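What follows draws every value from the coordinates through simple rules; no lab data is involved. Fair warning: this is a prediction, and the values are worked out from it, not measured in the lab. Virtual Cβ from ideal backbone geometry, glycine too; neighbours counted across all protein chains shown.
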Amino acid sequence: MKKNHTMVSTLFIGLTILTATPLAAAEPLELRKIMQDMGAEMAVISEAISREQWTQVENSALRIADHPRPPMSERKRIKSLFGSEMGRFKSYDIKTHSTARELAKVAASEDGAAVIATFATLQSSCLTCHQNFRKPFQRHFYGE
Ligand code: HEC
C-alpha cells in the first residue's frame, strides 16, 4: 500500500514537471528577420509619403527590392516543404521585388498619386504570399 502511494506521487510529480515545462520554442528562421526588416521599411515608406519625402520612399523601396535571401540551407528546407508549390512561392517573391523597384522609380519622379497606387500594389504582393504560405510555413517550422 505504501509502495503504491509512493509510485502514484512520483507519477504525479513527473506529470507536473512535464506539463509545466513549455516545449522549447523553435529557433526562428532567417526569413523572419528579413520579413521584419521589410515590414519596418514599409512603415517608413508610409510615413515618408505623408511628408512627401520622395527620396526616403525611393531608398526604402530599393532596400525592399534588394532584400537579402535566406541562406542556402534554409532555402533548401523551404523548398522541400513547399515542393511543387515552390514555383508559386517564388513568383510571389519576384512580384514583390519588381513592384518595389517600380515604387522606387515613381518615387524618384515625385509622382505622389503613382507612389500611393504602387505602394498599394506592393502591399498586395506581400499579402498574397502571406495568405497562401504563412500558415503552412509556421505550422511546419514552428508547430504553431
Ligand atoms: C514569397 C512569400 C512572401 C512574400 C512575397 C512576403 N512575405 Fe512576409 N512572410 C512570409 C512568410 C512565409 C512569413 C512567416 C515567417 C515566419 O513566421 O517565420 C512572413 C512573415 C512576415 C512578417 C511577420 C514577421 C514576424 O515577426 O512574425 C512581416 C512583418 C512580413 N512578412 C512582411 C512582409 C512585407 C512587408 C512584404 C512585402 C514587401 C512581405 N512580407 C512579402 C512570406 C512572404
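So that you can scan it fast, the table gives a plain yes or no per residue for (1) in contact with a His (Cβ under 8 Å, 6 or more places away or on another chain); (2) more than 10 Å from the ligand (Cβ to nearest atom):
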{"residue": "I34", "(1), (2)": "yes, no"}
{"residue": "A43", "(1), (2)": "no, no"}
{"residue": "S46", "(1), (2)": "no, yes"}
{"residue": "S50", "(1), (2)": "no, yes"}
{"residue": "Q56", "(1), (2)": "no, yes"}
{"residue": "P71", "(1), (2)": "no, yes"}
{"residue": "I78", "(1), (2)": "no, no"}
{"residue": "D111", "(1), (2)": "no, yes"}
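For the range 86-109, name all the residues that are within 12 Å of the ligand (Cβ to nearest atom), farther than 14 Å from D66 by Cβ and free of Cβ contacts under 8 Å to residues at least 12 places away in the same chain.
Residues satisfying the conditions are M86, G87, K90, S91.
In this structure, is G83 assigned to a helix (DSSP H, G or I), small (G, A, S), more than 12 Å from the ligand (Cβ to nearest atom) and surrounded by fewer than 16 Cβ atoms within 10 Å (Cβ to Cβ)?
Numbers: assigned to a helix (DSSP H, G or I): yes; small (G, A, S): yes; more than 12 Å from the ligand (Cβ to nearest atom): yes; surrounded by fewer than 16 Cβ atoms within 10 Å (Cβ to Cβ): yes.
Yes, satisfied.
I'd like the full set of residues that are in contact (Cβ under 8 Å) with a residue 40 or more places away in the chain, part of a loop (DSSP other than H, G, I, E, B) and surrounded by fewer than 12 Cβ atoms within 10 Å (Cβ to Cβ), limited to the range 29-70.
E52
Checking S60 against (1) on the phi > 0 side of the Ramachandran plot; (2) within 15 Å of the ligand (Cβ to nearest atom), which single condition isn't satisfied?
So S60 meets the others, but not (1).
Can you tell me which of (1) in contact (Cβ under 8 Å) with a residue 40 or more places away in the chain; (2) in contact with an Asp or Glu (Cβ under 7 Å, 6 or more places away or on another chain) is the one T118 doesn't meet?
(1)
Restricting the first residue to the range 126-144 and requiring it to be in contact (Cβ under 8 Å) with a residue 40 or more places away in the chain, which pairs with a second residue that is in a helix (DSSP H, G or I) and hydroxyl-bearing (S, T, Y) meet a Cβ separation below 8 Å and a spacing of at least six or different chains?
C126/T96; C129/Y92; C129/T96; N132/Y92; F133/Y92
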